[in-house]
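The values are calculated or read from the model by the stated rules, or taken from the named source; none is laboratory data. Quick caveat, the model's predicted, so the values are computed rather than measured. A quick note on method: Cβ atoms are made from the backbone with ideal geometry, for glycine too, and the neighbour counts reach across all protein chains shown. For accessibility, only protein heavy atoms count, side chains too; no ligands or nucleic acids. Shrake-Rupley method; radii C 1.70, N 1.55, O 1.52, S 1.80 Å.
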Amino acid sequence: MPDTDQPRIIADTLREQIAVGQLCPGQKLPDDRTLARRFGVPRTTAQSAIRRLQDEGLVHTVHDSAFVSDIVSPHIPESGHEPRYTASTITDAALDHLYAELYQLRRQSRIHRAEEAQNRKTA
């Protein structure tokens, strides 16, 4: 049975482009007219797809234009190469979020190492 949920198909396509870094934080998405032409659907269907991504927090709109949200995890290819985000595509808000995550990871690592050292002393 063919999949007829056109907004989901469009949203899945855009979600994948975001996941692999083809669409980066802060980057403008194609407008609803462009998406409608590309997928051969009415504009309202394209608008519905964008709303789905907006509900998920992947995109936000400003003056009827949709942009990839600032806080999106980069996709790291299986090859192990660096993520596709570069200094010119990542925003200050995303950097602040990443720095906060790094701080928490370093803190947890220090606590874990201290606990291990304590356990070795008592063993």
Report summary line: Only one of Thr45, Thr61 is of a type in the set (Val, Ile, Thr), at pLDDT 85 or above, out of contact with any Lys or Arg (no Cβ under 7 Å at 6 or more places or on another chain) and open to solvent by less than 60 Å² (accessible area, probe 1.4 Å), namely Thr45
Requested in this report: Mind telling me which of the residues Gln17, Gln22 ends up being at pLDDT below 95 and not in a helix (DSSP H, G or I)?
Outcome: Gln22
